[in-house]
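Quick notes on the structure that follows.
The values are calculated or read from the model by the stated rules, or taken from the named source; none is laboratory data. Since we're looking at a predicted model, the values are computed, not measured. A quick note on method: Cβ atoms are made from the backbone with ideal geometry, for glycine too, and the neighbour counts reach across all protein chains shown. Protein only, heavy atoms only, side chains kept; ligands, DNA and RNA dropped before computing areas. Shrake-Rupley method; radii C 1.70, N 1.55, O 1.52, S 1.80 Å.
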Amino acid sequence: KGYREKLDAIPNIPKHRLLIGPANNWKHYVGGINRIDAPYSGQYRIQVQASGLRPRDGSVPHLVIYDVNLDRTLAEQDIDAPEANPKVYEFSVWLPKGPHDLVVRNELPGHSPYEPHQRGGNVDSFTLLKNGRAPFLEKVSDDQFRPYVPLLFLDRVTIEAIVDPWPPEAQKSIFIDGDCDSNHRELIVRNFAERAFRRPLRNEELAKYVKIAVASEQSGLSFEESIREALLAVLCAHEFLFLVEGFGGTLRQELNDYELASRLSYFLWSTAPDKALLYEARLGSLKEKKVLSAQVDRMLNDPRSQRFAEDFSRQWLRLNEVGKFPPDKKLYPSYDPGLQRSMIAESQSFFAMLLKENRRIEELLDSDWTMVNNRLAVHYGISGVVDFPMQRVKLLADQHRGGLLTQAAILTMTSDGFRHRPVHRGKWISEVILGIVPPPPPPNAGTIPPPTEGEVKTTLRAKLELHRSQASCAACHEHIDPLGLPFDNYDAIGRWRTVEDTINGAGDPPKIDASGALADGRTYSGPEEFKKLLVDDRKLLAQNLTQLLAQYSLRRTLTFTDKQKIAAIVQANEEQRWKLRSLIKDLVMSDLFFSR
């Protein structure tokens, strides 16, 4: 009772707080969130009042709200509010009707300096660390109340349904005021179908869908219900489900204006064309160079172009493969899902920034900047970054970063979870960056085994040299290995190092040698010099990237004639050294983009 009275006497400070250390969560605490029941499917607002403490040279606590039933993270946020001045963080999430078991956790790798299940009593009743510190609280900070690990303080969590006005905007866009009767049946169906098909509706198509609505109403359905049946039929039509270019019996080779609007919109926005695009298509002016150029600029300046930047970079760089071989937890305890997401976000936001600023594509190979958040900055050893969103940072020479090839997502993806793989890194550069697919290894190529107990530690490079001394292996390795060996200084999760160590083996860790020579005789002494050699060959990247952009936008493989047109686009941009937006615009303005 005396302790409670002492707490109640402190004004304007939450009286009951929950402390969550790294890799810990709320679900296991007495009185924590276990289950909520969503009364209906829809949008819900989650509000979290929280604060956090960050250790010196460490990360801020990272709040994650995870839905066990959906197996999905609903929200996440770095928590940097002072302990004595918590903030309210708000998230809007969509939940289906039914039960949801939620877990609130501090998603950072590491071990908490206390074990919650070993404590008894009401562990939630404290305000600040310096006020009435219980024994378990003395284990999380020093005498100056500086935390040993990132600490998340949770004051409250509230969840409420977001009640939208009725009728919703989607329904009002279909049933315009005054149009909810049979006299407007054709107008309603036509407007909806033309939006769905992304073109004017032909008379025979309109008659087919109106017939469905009439028959449904005659069977006893209300007018609104009969319209719904017709609209369902529209959404099942292949004209909605696919991008249809041309009609049966026609032999034209060029897109019409509506087809061009759809191709452009799904290329840059990953969605249907908006009113401005369809307006130009209706006027028949979209193919005019001046109009089309203005539309491309407008669309690339629109936030919806972020969809293109994220989706294209994900496919091109094969970012879906990050985490395919999860790093060993004993070897790499700092690797966790939050770090993995940050790695992927770096590569995607890096590409998006090049697109936004129309920068030269050679910066994909080497740059003096990158995009990081607090979690990734700690991983790289970059100071001064405290926020969760990705932000641009200037790189120093001793940070050994710059361009895609030294980003953790790429370096982790081309490792096996235990050690780096120079052959796979070289193969990735050859295929993804240069567009050169090496031949597959022979069936008896074999693998390089890890060191055994008692074996003298040696670098993977030295073992690889023995491997490629075989005649059957040398032909491929002489072209692949020089592309991957420059990055031996980066371990399996992309951290810089100067020596290579393994679990087994005897002796001191051997020093890394990242020097080498390309098949054409040019030499390098490490990743920095190697990247400069790639920049010298940037035309190969321009050719490959333009070809991939064409495949992405046209949604088909390319013919020999297509590749000749792509070569012309690349050649036309050589004087400007291939700026990303300029390449995209020239592709859209080319005959290739206009053709079926």
Could you count how many residues in region 196-212 are surrounded by 18 or more Cβ atoms within 10 Å (Cβ to Cβ) and charged (D, E, K, R)? 3
Go through region 140-183 and report how many residues are in a loop (DSSP other than H, G, I, E, B), of a type outside the set (Phe, Trp, Tyr), open to solvent by 30 Å² or more (accessible area, probe 1.4 Å) and in contact with a helix residue (DSSP H, G or I) (Cβ under 9 Å, 6 or more places away or on another chain). 4
Restricting to region 241-275, what's the tally of residues that are loosely packed, with under 14 Cβ neighbours inside 10 Å and small (Gly, Ala, Ser)? 2
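Among what's in region 308-344 and is touching a Leu at 6+ places or on another chain (Cβ under 8 Å) and under 30 Å from Asp586 (Cβ atoms), pick the residue that is most open to solvent (accessible area, probe 1.4 Å).
Kept after step one, since they are touching a Leu at 6+ places or on another chain (Cβ under 8 Å), are these residues of region 308-344: 308-309, 312-313, 316-317, 336, 338-339, 342-344.
The next check asks that each one be under 30 Å from Asp586 (Cβ atoms); those that pass are 308-309, 312-313, 316-317, 344.
Values: Phe308: 0, Ala309: 1, Phe312: 7, Ser313: 0, Trp316: 17, Leu317: 1, Ile344: 38 Å².
Looking at the filtered set, the residue picked out is Ile344.
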Going through Leu243, Leu231, Leu251, Leu235 one at a time, which residue ends up being among the aliphatic types (A, V, I, L, M), more than 15 Å from Met589 (Cα to Cα) and without any contact (Cβ under 8 Å) to a residue 12 or more places away in the chain? Leu251
For region 560-596, enumerate the residues that are open to solvent by 70 Å² or more (accessible area, probe 1.4 Å), within 19 Å of Arg263 (Cα to Cα) and under 29 Å from the mean Cα position of the chain (by Cα). none
Anything in region 366-384 that is among the hydrophobic types (A, V, I, L, M, F, W, C) and under 20 Å from the mean Cα position of the chain (by Cα)? List them, or say none. Trp369, Met371, Val372, Leu376, Ala377, Val378
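Report yes if some residue within region 288-301 is over 18 Å from Ser582 (Cβ atoms), in contact with a Phe, Trp or Tyr (Cβ under 9 Å, 6 or more places away or on another chain) and open to solvent by 30 Å² or more (accessible area, probe 1.4 Å); otherwise report no.
No, region 288-301 has no match at all.
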Name the pairs: first residue in region 315-343 and on the phi > 0 side of the Ramachandran plot, second residue open to solvent by less than 80 Å² (accessible area, probe 1.4 Å), Cβ to Cβ under 8 Å, at least 6 apart or on different chains? Arg318/Met413; Arg318/Trp428; Arg318/Val432; Gly323/Gln340; Gly323/Thr412
For region 504-531, which positions are acidic (Asp, Glu), more than 21 Å from Glu363 (Cβ to Cβ) and surrounded by 15 or more Cβ atoms within 10 Å (Cβ to Cβ)? Asp513
When Leu277 is run through (1) in a loop (DSSP other than H, G, I, E, B); (2) closer than 30 Å to Asn544 by Cβ, the failure sits at (1)
Region 401-427 - residue that is open to solvent by 40 Å² or more (accessible area, probe 1.4 Å) and part of a loop (DSSP other than H, G, I, E, B) and, of those, nearest to His477 (Cα to Cα): Arg421
Among all residue pairs at least 6 apart or on different chains, which show Cβ distances below 8 Å where the first residue, located in region 148-176, is closer than 24 Å to Val189 by Cα and the second is buried (at least 17 other Cβ atoms within 10 Å of the Cβ) and aliphatic (A, V, I, L, M)? Ile174/Ile188; Ile174/Ile227; Ile174/Leu231; Phe175/Ile188; Phe175/Ile227; Ile176/Ile188
Selection status of Asp67, open to solvent by less than 40 Å² (accessible area, probe 1.4 Å) and under 13 Å from Trp94 (Cα atoms): yes
Among the residues that make up region 540-559, is at least one of them open to solvent by 70 Å² or more (accessible area, probe 1.4 Å) and modelled with pLDDT of 95 or more? yes
Mind listing just one residue for me: the one in region 345-382 that is aromatic (Phe, Trp, Tyr) and assigned to a helix (DSSP H, G or I) and, of those, most open to solvent (accessible area, probe 1.4 Å)? Tyr380
Anything in region 473-519 that is modelled with pLDDT under 85, within 24 Å of Lys330 (Cβ to Cβ) and hydrophobic (A, V, I, L, M, F, W, C)? List them, or say none. Ile503, Ala506
Out of (1) open to solvent by less than 30 Å² (accessible area, probe 1.4 Å); (2) under 35 Å from the mean Cα position of the chain (by Cα); (3) not polar (S, T, N, Q), what's the single condition that is false for His238? (1)
Among the residues of region 213-227, count how many are surrounded by fewer than 18 Cβ atoms within 10 Å (Cβ to Cβ) and not charged (D, E, K, R). 8
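I'd like to verify a number: residues in region 383-395 that are of a type in the set (A, V, I, L, M, F, W, C) and either part of a strand (DSSP E or B) or in contact (Cβ under 8 Å) with a residue 40 or more places away in the chain (or both), how many?
Taking region 383-395 as the starting set, the residues that turn out to be of a type in the set (A, V, I, L, M, F, W, C) are 385-386, 388, 390, 393, 395.
Filter once more, so that each one left must be either part of a strand (DSSP E or B) or in contact (Cβ under 8 Å) with a residue 40 or more places away in the chain (or both): 386, 388, 390, 393.
Residues in region 383-395 being of a type in the set (A, V, I, L, M, F, W, C) and either part of a strand (DSSP E or B) or in contact (Cβ under 8 Å) with a residue 40 or more places away in the chain (or both): 4 in total.
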Considering each residue of region 246-271, count those that are at pLDDT 95 or above and small (Gly, Ala, Ser), and give that number. 4
From Leu300, Leu286, Leu243, grab the single residue that is outside any helix (DSSP H, G or I) and either within 30 Å of Phe350 (Cβ to Cβ) or modelled with pLDDT under 95 (or both). Leu243
